[in-house]
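Please treat every number below as a calculation from the coordinates, not as lab data. Predicted, not measured: the structure shown is a model, and the values here were computed from it. All Cβ positions, even for glycine, are placed from backbone atoms using ideal geometry, and neighbour counts span all protein chains on display.
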Amino acid sequence: MILVLLINSLNFKVMIKDYSQPDFYRFNSDSLALINWICDKKLSCGRVLDLGAGCGIIGIELAQKLEMEKLTLVELQADYEVHLKLNLACYLPQKIQVEVILNAFSELNLVDSYELIVCNPPYYLPGHGQKSKDERRMIARTFIRDSWRHLFEIVDRYLSEKGEAIFVLKNDRIILENIFKELKDFKFSFKVHEERDLVFLEILRLNKN
């Protein structure tokens, strides 16, 4: 079955397959917007790191649309593993090397550097955002285990010299203030692109030409 999702407010259309997803948390239009925005940039990226990969939709869709050699998907919650592996088997182009890592951001230890790092992160800090009785859903929405600092430390360690990290965020003052406060401690340059209720944060190394 092929689903067509048309997001009029963002002026794009993305063809999405019948991805396997857990009942407690399903991808939304933010992930689709990030895919669309990155594809419009027509980036060249040999190795791609997808942080907080969930069911794998962002990394897999980008693998189908960009020139890519390797895709590394990092996800904290083991509940996603069966969905990740099923989606990779069904939809990832066979020529692409793939690595799935179930680990927290703070405990991540990788070998490669990456030309593109992508992330649709948990937006909220503990005590903010909508609460849920389902802990798995809360982990997907809120930095219960990790933090923005852990996320930027990964970018600092694994982004290649001329690579780019691109995040999709809610256009929310409190969220953005927390992010910019953390970014001050890293040697990054960054660009902020607002698109209605979303923000695309593009992070580059200061020495990028």
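The Cβ shell under 13 Å around LYS70 holds other residues with a net charge of -4, Lys and Arg each +1, Asp and Glu each -1. Could you give the distance between the Cα centres of the stretch 164-191 and the stretch 52-110, to the whole Å? For the stretch 164-191 versus the stretch 52-110, the Cα centre distance is 24 Å. As a rough guide to protection, the peptides 75-88, 173-186, 54-67 ranked by mean Cβ packing within 10 Å, highest first, stand as 54-67, 75-88, 173-186. Beyond 19 Å in Cα-Cα separation lie the following of the pairs LYS162/LYS187; LYS41/LYS187; LYS70/LYS95; LYS41/LYS162; LYS162/LYS191; LYS70/LYS170: LYS41/LYS187; LYS70/LYS170. Sequentially through the stretch 98-108, phi angles give Karplus couplings (6.51, -1.76, 1.60; θ = phi - 60°) of 10, 9, 10, 10, 9, 6, 6, 4, 5, 10, 6 Hz, Gly and Pro residues having no value and appearing as x.
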